1. Across segment 1-55, what is the total count of residues that are of a type in the set (S, T, Y), within 10 Å of the ligand (Cβ to nearest atom) and under 21 Å from L100 (Cβ atoms)?
2. Report, by residue number, each residue of segment 206-261 that is among the aliphatic types (A, V, I, L, M) and part of a loop (DSSP other than H, G, I, E, B).
3. Hey, does segment 133-156 have a residue that's over 22 Å from G376 (Cβ atoms), touching a residue at least 24 places away in the same chain (Cβ under 8 Å), not acidic (D, E) and not in a loop (DSSP other than H, G, I, E, B)?
4. Pick out, from segment 27-116, the helices (runs of 4 or more DSSP H) lying fully within it that include 2 or more residues that are farther than 24 Å from P390 by Cα and basic (K, R).
5. Quick one: is D246 within 16 Å of the ligand (Cβ to nearest atom), among the acidic types (D, E) and on the phi < 0 side of the Ramachandran plot?
6. Which residue is nearest to Q403 (Cα to Cα), if the candidates are limited to segment 101-123 and must be touching a strand residue (DSSP E or B) at 6+ places or on another chain (Cβ under 6 Å) and of a type outside the set (D, E, K, R)?
7. Taking into account only those residues within segment 105-117 that are surrounded by 24 or more Cβ atoms within 10 Å (Cβ to Cβ) and within 13 Å of the ligand (Cβ to nearest atom), which is nearest to the chain's Cα centre (by Cα)?
Amino acid sequence: MSQNGKKRYAMVGTGGRAPMFLDPLVETYGEVGDLVGLCDVNPARLEHYRRRLAEMGYHDVPTWDAAEFDRMIESTKPDCVIVTTVDAFHHEYVIRAMDLGCDAITEKPMTIDDEKCRAILDCIERTGRNLRVTFNYRWGPGPTRVRELIQEGTIGEIIHVDLDYLLNTSHGADYFRRWHREKDKSGGLMVHKATHHFDLVNWWIDAVPETVFGMGRLAFYGRENAERRGLEVKYDRYAGQDTVDDPFALDLAEDEKMRELYLEPEKHDGYHRDQNVFGDGITIEDTMSVLVRYRTGVVLNYSLNAYLPREGFNVSFNGTKGRLEYQEIHGSHIIAGQSTEELGEEMSWESQIVVHPMFGKAYKIEIEEAEGGHGGGDPMLQEQIFATSPKPDPWGRNAGHGQGAASILIGIAANHSFRTGLPVAIRDLCPKLGDASRLSDLP
Ligand SMILES: NC(=O)c1ccc[n+]([C@@H]2O[C@H](COP(=O)([O-])OP(=O)(O)OC[C@H]3O[C@@H](n4cnc5c(N)ncnc54)[C@H](O)[C@@H]3O)[C@@H](O)[C@H]2O)c1
């Protein structure tokens, strides 16, 4: 805590997601929170945010190269480190921050494989520090209403869940242009993306996963698939190419923020954010089906496809007293680095809940409208993170390391299952998850 009584935050990873935490600290929670340091491997992205903060009228925030992370902690003495780096490095900073006496907040996914997950849980046991995983989807009004209805017993005891997640050729394709296309950086979409979905199901049905079986493959993107369909792959990335006839092309130079955040910083780290979705080097799947059995007996049937004409999801819960269906339709969706305001109409987010009682007439449930990113989830979560007295959380939407682990472990187990063709027991991947059957019994 600063002498002025403000909680001190340092951030590592100053890419597209950083404003989710920086903006509320500057605009809304400046009285109670203080940003004391920024850290990244790329000096141009650090400079981008340093300048942006100055333009917002904020005090000068010192920046640090990633190699100087420990020095940043020692000299700025944050209470809490916010981790918004590439997924594969979350564990390094979470663990280091805790070993140096800080709490940590990490973007989802908590980490990308079981070894790193075990290392984080060991560190929490060793240090007693606190880790929050920012599952913003839980905070949207639609998902919250679903949780409320299930908790109230509207369809009785849940027996079976179906979740079909659709990523389109804008947002879905984007994962195949960026670092996310490499499994050792993101854990694949099973971890990077599905962590949201598995977390929602775990939380909706209040259950801990037990066994996972999955099949996945790269069926649409990648050179091999393109050439099999007779498409000629002419370039590795889009910059500098004639891409007028390529609907998958992304022009980083066209957008000021993309230019500043990714195109100009390339000279420092060689990272290309606009790789050809039909190029070489993709090691993740775009087509995935997974079965999960929970410790409560519930079975989840999940699918994720990343090349579809529309974006959103359908989830249905079959219970002893009826069926509940929830659908979200997302607009053309987000390109990282764009704000909600810039996206405007594109950000449109429609959702509906229909309840089918066992012997009664089906009816629709009203869902409140909410402003802000991810269906209104982002601002609600920001309030919980930064406010000194946040609103009560009757639906248990805040998540710590246990619940963070329960979600990624499904995707991690699915990745093992994709490789071996065998079912995987979550307990074998992470004994420290314990024996609880209810998610709400995990931190
Ligand atoms: N909750 C959500 O809805 C949501 C949305 C977008 C992103 N995210 C998460 O936010 C995180 C960041 O994603 P992004 O879209 O900002 O990606 P990004 O590529 O825009 O930014 C990642 C940043 O990490 C930095 N980095 C890379 N390696 C590093 C290292 N070893 N040490 C320190 N910094 C390093 C990069 O230079 C870059 O500035 C990811 O974990 C992602 O899963 C969450």
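The values are calculated or read from the model by the stated rules, or taken from the named source; none is laboratory data. Quantities reported herein were computed from a predicted structural model and do not represent experimental measurements. Every residue, glycine as well, gets a Cβ built from its backbone with ideal geometry; the counts of neighbours run over all protein chains shown.
1. 1
2. A207, V208, L218, A219, L231, V233, A239, V244, A249, L250, L252, A253
3. no
4. Helices (runs of 4 or more DSSP H) meeting the threshold: 43-55.
5. No.
6. M110
7. Looking at residues that are surrounded by 24 or more Cβ atoms within 10 Å (Cβ to Cβ) and within 13 Å of the ligand (Cβ to nearest atom), I get P109.
A quick yes/no check of all residues on (1) within 16 Å of the ligand (Cβ to nearest atom); (2) not aliphatic (A, V, I, L, M):
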{"residue": "H356", "(1), (2)": "no, yes"}
{"residue": "G377", "(1), (2)": "yes, yes"}
{"residue": "L381", "(1), (2)": "yes, no"}
{"residue": "G404", "(1), (2)": "yes, yes"}
{"residue": "I412", "(1), (2)": "yes, no"}
{"residue": "S417", "(1), (2)": "no, yes"}
